[in-house]
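Q: What follows is a single structure, and I will ask about it in a moment.
Bear in mind that the values in this text are calculations on the coordinates, not laboratory data. In this text, all values refer to a predicted model and were calculated from it rather than measured experimentally. Note that each Cβ is placed from the backbone with ideal geometry, even for glycine, and that neighbours are counted across all protein chains shown.
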Amino acid sequence: MSEGTSLSQVIDQVSKDKNIDRKILVEALESAILTAAKRAFGEEREMEAKFNDATGRVDLFQIIIVADPVSNSAKEISLDEAKQFNLQADAGDELLFQIFFDEKDQARAEEQDGKYGALLKLNRAWKTFAASPRKPRNRSFCSGCARPNATTCSTSTATRRAS
């Protein structure tokens, strides 16, 4: 049995045993992951956690807005910065970058560290986070894409959502 499957099964079992709506348990799990991520990477970052029923895992994303001019460097990037990273985006677009926080995703995370590290500015936080004995190791991030109306995200390219 895979870890993702067992997490989904645990949610289902707790929901059944305690008579708690599954949706409430999933929201609590997402909230817990989001709280831990903000503590690790910084409260000023715009982040989103979403439980993925297909994988049985919580996907974590950092949201960066393309702005012209930039007024909050922790949450925004300029059009020029977006172009430097080959991101096709317009002012006002929201870019989602998946943050991998599971040791199984370390290779994918390291690949994307090299590609988007300067954009997301998480490298220092990642090294500090990974060195902490009280927290899980091997934290990093991956690719980005513009937030579509649906919640799907490509893992290899960044696209844009029209404003």
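Q: In what sequence, highest mean first, do 81-90, 26-35 appear when ranked by Cβ atoms within 10 angstrom?
A: Most protected by this proxy first, the peptides run 81-90, 26-35.
Q: With labels modelled as points extended 7 Å from the Cα through the Cβ direction, what inter-label distance (nm, one decimal) is found for A74 paired with I24?
A: 3.3 nm
Q: Just to confirm my numbers, what's the Cα centroid distance between the range 72-111 and the range 38-63 in Å?
A: If you average the Cα positions of each part, the centres end up 13 Å apart.
Q: Quote to one decimal, in nm, the extra length available between D12 and K50 on full extension: 0.36 nm per residue of separation minus the C-alpha distance between them.
A: Full extension of this stretch gives 12.0 nm more.
Q: By average Cβ neighbour count within 10 Å, what is the ranking of 18-25, 61-68, 49-56 from highest down?
A: 61-68, 49-56, 18-25
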